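*Asks:* Could you have a look at this structure, given as structure tokens, before my questions?
The values are calculated or read from the model by the stated rules, or taken from the named source; none is laboratory data. Keep in mind that what you see is a predicted model, and the values were worked out from it rather than measured. All Cβ positions, glycine included, derive from the backbone under ideal geometry; neighbour counts span all protein chains shown. We work out accessible area using only protein heavy atoms, side chains counted, and drop any ligands, DNA or RNA first. Shrake-Rupley method; radii C 1.70, N 1.55, O 1.52, S 1.80 Å.
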Amino acid sequence: MPGSASNNCLGPWPKDVGIITMELYFPSQYVDQAELEEFDGVTAGKYTVGLGQARMGFCSDREDINSLCLTVVQRLMERNSLSYDCIGRLEVGTETIIDKSKSVKTVLMQLFEDSGNTDVEGIDTTNACYGGTAALFNAVNWVESSSWDGRYALVVAGDIAVYATGSARPTGGAGAVAMLIGPNAALTFERGLRGTHMQHAYDFYKPDMVSEYPVVDGKLSVECYLSALDRCYSVYRNKIHAQWQREGSDKHFSLDDFDFLVFHSPYCKLVQKSVARLMLNDFLKHPSPDTEAGPFAGFDAFRDVKPEETYFDRDVEKAFMKASAQLFETKTKASLLLSSQNGNMYTPSVYGCLASLIAQHTASQLAGQRVGLFSYGSGFAATLYSLRVTQDHTPGSALDKLVSSLSDLRVRLDSRRKMSPAAFSEIMKLREETHHLASYIPRSSVEDLFPGTWYLTRVDDKHRREYARRALDDELPAEPELVRTASASEHIPSPVKKMPRMPTAVAGPGATSSN
């Protein structure tokens with residue numbers, strides 16, 4: 001396994017700490033956004049062009065946040081032939097809350113039971129779409145700290161994004177991402193290069209404890225997202241300038257210094273606008289921009305604009321989107337594959353975009369590149385940071401294995417089942433009426449799930465949830481053993497011992513809100 005921790009725990013600081021491998025999970029069914037436009041009676045192109053969304057994945061009443069995370073964790077462990085006793089920290093980032101006390105992480109610990117490993121730090125981290133990033137930072141900090149014991153950290157980001165009927169509904173989605181963190185990684189964190197901005201705002205929030213639906217102020221949410229991007233980019237640039245100055249360089253940082261740019265994607269069009277926004281920042285901060293030729297040609301009229309007054313300025317937006325079109329094509333567009341085809345996954349969104357970027361490039365194309373990532377969660381919290389891709393792209397290297405593990409992403413997306421907008425609407429209604437109930441038996445078919453997917457079997461009269469796993473081989477009977485959110489005194493059958501290991505390649509997959 002690349003990134004082995006055992007050889008790196010003797011020195012004062014682990015080397016090249018970051019993401020070693022990733023696993024994705026998204027639902028086996030989707031609704032077509034063009035068909036949804038017609039069903040909703042809106043103008044053609046409102047969702048597909050205006051939002052930039054093509055398809056939206058969604059969960060039936062068979063799936064909840066626990067089942068999503070159970071699936072993605074077990075798939076990562078199986079596909080990489082990892083033993084559960086090699087994990088020393090497990091942290092979950094999610095805003096999909098089905099219990100106000102018990103963490104998703106504790107449910108996942110049932111996967112560890114057969115290994116006997118209970119010495120696993122970490123719990124759930126919650127702040128809208130930012131929770132996955134906070135969990136990732138905590139994991140990296142743990143590996144780089146005096147608390148590290150030489151084992152890997154495992155980060156899980158997962159959510160089910162659903163909205164009430166109306167303009168926000170097409171910005172939903174669902175999924176989970178698991179990331180193995182340790183030294184000698186394929187994607188390493190650039191030390192000291194994080195620009196963070198935190199502020200109080202009611203742009204998107206979930207005050208109703210019995211509803212999955214958020215309260216959304218769409219216009220404010222977009223303003224918060226773009227203002228956070230401005231602030232984070234400014235802080236990041238100041239920090240990298242300080243590093244360069246200590247190294248004796250007076251170089252001016254710009255978007256050219258990012259080889260790729262990845263963003264939290266509530267909808268794809270906002271990401272395209274974000275690239276334009278960063279170009280606007282470069283222009284306004286440049287001491288003497290060339291407005292006669294080059295990317296800033298013809299921008300004299302914008303030299304004195306104030307960023308805080310341009311969030312909804314159509315002239316500024318149009319000019320800089322046009323000027324940044326090539327940057328978007330080369331640095332960002334590839335990252336939107338999963339977002340455009342599956343929708344907003346909330347906490348996993350930015351990491352689904354990172355996986356999409358990796359899946360559509362070769363190891364040699366990625367080697368040595370700097371990837372900028374912007375993570376945003378409403379309320380709000382945001383960070384812009386960078387990863388450096390390892391230079392080693394030889395066959396069998398950490399990077400080669402990471403790229404190979406994600407190379408089937410498009411095939412997995414294409415293997416999903418299309419549902420009609422009417423069926424989608426019925427399932428959303430079913431979730432709305434039943435997701436918080438006790439003594440509930442899910443009604444949707446298990447056969448519609450991808451092989452290897454964990455699913456909800458029932459909720460008992462005390463709201464305790466029970467799960468089973470669909471077999472990896474379609475010819476095998478459904479997994480009879482249940483995983484329960486039960487007391488420690490109850491015996492919980494191991495979900496690992498009797499399941500065949502997942503092969504390297506698997507047939508299945510693993511609004512205006514900017515949450």
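*Asks:* So A185 clears everything in (1) surrounded by fewer than 20 Cβ atoms within 10 Å (Cβ to Cβ); (2) of a type in the set (A, V, I, L, M); (3) assigned to a loop (DSSP other than H, G, I, E, B) except one condition, right? Which one?
*Replies:* Unmet condition: (1).
*Asks:* Scan the range 116-135 for residues that are within 18 Å of E190 (Cα to Cα) and either part of a strand (DSSP E or B) or out of contact with any helix residue (DSSP H, G or I) (no Cβ under 8 Å at 6 or more places or on another chain) (or both) and jot them down.
*Replies:* Result: A134, A135.
*Asks:* Might you check whether a residue that is open to solvent by 10 Å² or more (accessible area, probe 1.4 Å), over 13 Å from F260 (Cα atoms) and of a type in the set (A, V, I, L, M) occurs anywhere in the range 390-408?
*Replies:* Within the range 390-408 (the criterion being open to solvent by 10 Å² or more (accessible area, probe 1.4 Å), over 13 Å from F260 (Cα atoms) and of a type in the set (A, V, I, L, M)), the answer is yes, since at least one residue qualifies.
*Asks:* Restricting to the range 300-320, what's the tally of residues that are among the small types (G, A, S) and open to solvent by 60 Å² or more (accessible area, probe 1.4 Å)?
*Replies:* Step one: filter the range 300-320 for residues among the small types (G, A, S), giving 301, 319.
Filter once more, keeping what is open to solvent by 60 Å² or more (accessible area, probe 1.4 Å): 301.
Residues that pass the stated criteria total 1.
*Asks:* Oh, and also: Of all residues in the range 114-149, how many are among the charged types (D, E, K, R) and within 20 Å of I65 (Cβ to Cβ)? Steps first, please.
*Replies:* First, the residues of the range 114-149 that are among the charged types (D, E, K, R): 114, 119, 121, 124, 144, 149.
With the extra rule that they be within 20 Å of I65 (Cβ to Cβ), the set shrinks to 124.
Qualifying residue count, the range 114-149: 1.
*Asks:* Looking only at the range 232-257, count every residue that is assigned to a loop (DSSP other than H, G, I, E, B), of a type in the set (G, A, S) and under 20 Å from F296 (Cβ atoms) and tell me the total. Quick ask: steps written out before the conclusion?
*Replies:* Start the filter on the range 232-257 by keeping residues that are assigned to a loop (DSSP other than H, G, I, E, B), which leaves 247-254.
This time we only want the ones that are of a type in the set (G, A, S), so: 248-249, 254.
Next, only the ones that are under 20 Å from F296 (Cβ atoms) stay: 254.
Here the count works out to 1.
*Asks:* Right, here's the next one. Determine whether M56 is modelled with pLDDT of 95 or more and crowded, with 20+ Cβ neighbours inside 10 Å.
*Replies:* Values: modelled with pLDDT of 95 or more: yes; crowded, with 20+ Cβ neighbours inside 10 Å: yes.
Yes: the conditions hold for M56.
*Asks:* Take L82 and tell me if it is in contact with a Cys (Cβ under 9 Å, 6 or more places away or on another chain) and either in a helix (DSSP H, G or I) or of a type in the set (A, V, I, L, M) (or both).
*Replies:* No; evaluated as a whole, the condition is false for this residue.
*Asks:* Any idea which of G372, G343 is open to solvent by less than 20 Å² (accessible area, probe 1.4 Å) and on the phi > 0 side of the Ramachandran plot?
*Replies:* From the options G372, G343, the qualifying one is G343.
*Asks:* Select from the range 131-147 the residues that are surrounded by fewer than 22 Cβ atoms within 10 Å (Cβ to Cβ) and more than 30 Å from K206 (Cβ to Cβ) and write down the one among them that is nearest to the chain's Cα centre (by Cα).
*Replies:* So, considering only residues that are surrounded by fewer than 22 Cβ atoms within 10 Å (Cβ to Cβ) and more than 30 Å from K206 (Cβ to Cβ), the one nearest to the chain's Cα centre (by Cα) is E144.
*Asks:* Further question on the same structure: Can you tell me which residue within the range 430-456, out of those that are open to solvent by less than 30 Å² (accessible area, probe 1.4 Å) and among the β-branched types (V, I, T), is modelled with the highest pLDDT?
*Replies:* The selected residue is T453.
*Asks:* Please state which one of A359, A293, A355, A297 is open to solvent by 20 Å² or more (accessible area, probe 1.4 Å) and closer than 20 Å to M22 by Cα.
*Replies:* Every option except A359 fails the conditions.
*Asks:* Testing A319 on (1) in a helix (DSSP H, G or I); (2) under 15 Å from the mean Cα position of the chain (by Cα), one condition comes back false. Which one is that?
*Replies:* Every condition holds for A319 apart from (2).
*Asks:* Identify all residues within the range 303-316 that are under 18 Å from D290 (Cα atoms) and assigned to a helix (DSSP H, G or I); write none if there are none.
*Replies:* V316
*Asks:* Say whether the condition of being surrounded by fewer than 24 Cβ atoms within 10 Å (Cβ to Cβ), over 17 Å from the mean Cα position of the chain (by Cα), under 30 Å from V210 (Cβ atoms) and among the hydroxyl-bearing types (S, T, Y) is met by at least one residue in the range 74-94.
*Replies:* no
*Asks:* Of the numbered conditions (1) open to solvent by 40 Å² or more (accessible area, probe 1.4 Å); (2) within 23 Å of M279 (Cα to Cα), S335 fails exactly one; give the number of that condition.
*Replies:* Condition not satisfied by S335: (1).
*Asks:* So the check is Cβ under 9 Å with 6+ separation or different chains; which pairs have a first residue in the range 56-71 that's within 17 Å of R464 (Cα to Cα) and a second one that's open to solvent by 10 Å² or more (accessible area, probe 1.4 Å) and of a type in the set (D, E)?
*Replies:* So the pair list comes out as R62/D448.
*Asks:* Condition first: in a helix (DSSP H, G or I) and surrounded by fewer than 23 Cβ atoms within 10 Å (Cβ to Cβ). Now tell me which residues in the range 59-72 satisfy that.
*Replies:* Passing the criteria: none in range.
*Asks:* Could you please tell me which pairs satisfy a Cβ distance under 6 Å, a separation of 6+ or placement on different chains, a first residue in the range 203-214 that is more than 22 Å from D61 (Cα to Cα) and part of a loop (DSSP other than H, G, I, E, B), and a second residue that is open to solvent by 60 Å² or more (accessible area, probe 1.4 Å) and not small (G, A, S)?
*Replies:* Cβ pairs passing all conditions: D203/D217.
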